[in-house]
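What follows draws every value from the coordinates through simple rules; no lab data is involved. Computed from a prediction, not measured in an experiment: that's the story for all the values here. Because the Cβ atoms are built from the backbone with ideal geometry, glycine has one as well, and the counts that use them run over all protein chains shown.
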Amino acid sequence: MSNPKSEQSRQSYIDQKPFEGIKIDDNSILDSLEGRHPCPKCGKSRKFYCYSCYVPIQELQGKLPKVILPFKIDIIKHKREIDGKSTAGHAAVLAPDHVTIYTYPDIPDYNEENAVLIFPSQSAISVNQLVNGSNPELEELQDEILDVPKGYHRSTLMKTIPKSKQEYRFSGKTTKLPITKAIFIDSTWNQSKGIYKDEKIGKIPCVVIQNRISQFWRHQKGSPRWYLSTIEAIHQFLIETHLHIWGRGLSHLNLLYNTSGEAYNGQYDNLLFFFQHMYELIHKYYQHEDLYAYKRRLI
């Protein structure tokens, strides 16, 4: 087992600059907006975007980054999930051509879809297995971590690694996407288990992402810090899928490296545009170590 104190020390260091290496556009325009503004569709008072219509307020029209995704994403939101506190809307506003949000139990029939559900079921496979069909033997990452070149985001490090480390080398075995749609559940962990039991959802093949320490400020009692917010989970899945198919575009990186123009170079990082702003705003008023969300266990 890894040393708990070592894990905590490492994470404390990462928490000092959690967005280092992530390519997010300048979001200072959000600081310049005062008060609330009417939604251009429904007219309700909103801050940056309408969390019912998933459109930005008039003052931000044409001024937000637009993220292009490699496949469609459906988000199934629990009806008790508070819209204003959920990060699901971030994805719908920033990637409007690719993200759709449904409120459970009003969900589509996925029988004809080449879709996967991002959910840690007992039969869930890894992203590597999804892309390459391989099943390498994994072992727990103990005292060492993968060597990370400058500019590589440390918060996406895996909690497990293959014994040979070959799983994370760019193999070039495929350049085709294995799916056309990824489905995410937007709810608390206990609520998500109830949604997963729905026969429309439970029969969809499941994929599990690698553990990533959350920077979400919203506390869920009893949950560890690798329980991600919806937008963090979407960002993580997109990165893992992209890396396994096209690699990463860094000339000095020998893991997941590819010289192709399709290699990962921050294409999905703007999904965290609102998330980073809210994180920094909250940390102007509260010390990181005083927030319950960051006191959750790491291992």
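What nm distance separates the two modelled labels at D31 and S45, each placed 7 Å from Cα along Cα→Cβ?
2.6 nm
What nm value, rounded to one decimal, do you get for the distance between S52 and K193 when each label is placed 7 Å out toward the C-beta?
3.4 nm
Pairwise over distinct Cα atoms, reciprocal of the mean inverse distance: report the Kirkwood radius of the stretch 72-138 in Å, one decimal place.
14.2 Å
Scan around I101 for amide H atoms under 5 Å from its own, H built in the peptide plane at 1.01 Å from N, and keep only partners 5 or more places away or cross-chain.
Amide H neighbours of I101, under 5 Å, 5+ apart: I75.
Which of the residue pairs K63/K85; K66/K176; K44/K200 have a Cα-Cα distance greater than 25 Å in the structure shown?
Checking Cα-Cα distances, K44/K200 exceed 25 Å.
Give, in nm to one decimal, the length gained when the segment between E113 and K79 is fully stretched (0.36 nm per residue of separation minus the Cα-Cα distance).
That works out to 9.9 nm of additional length.
Going by amide H atoms built from the backbone, whose H comes under 5 Å of the H on I125, apart from near neighbours?
It is C206, V207, V208, by chain and number.
Tell me the Rg and the Dmax, in Å, that the Cα atoms of the stretch 12-114 produce.
Cα radius of gyration and Dmax of the stretch 12-114 are 15.8, 46 Å respectively.
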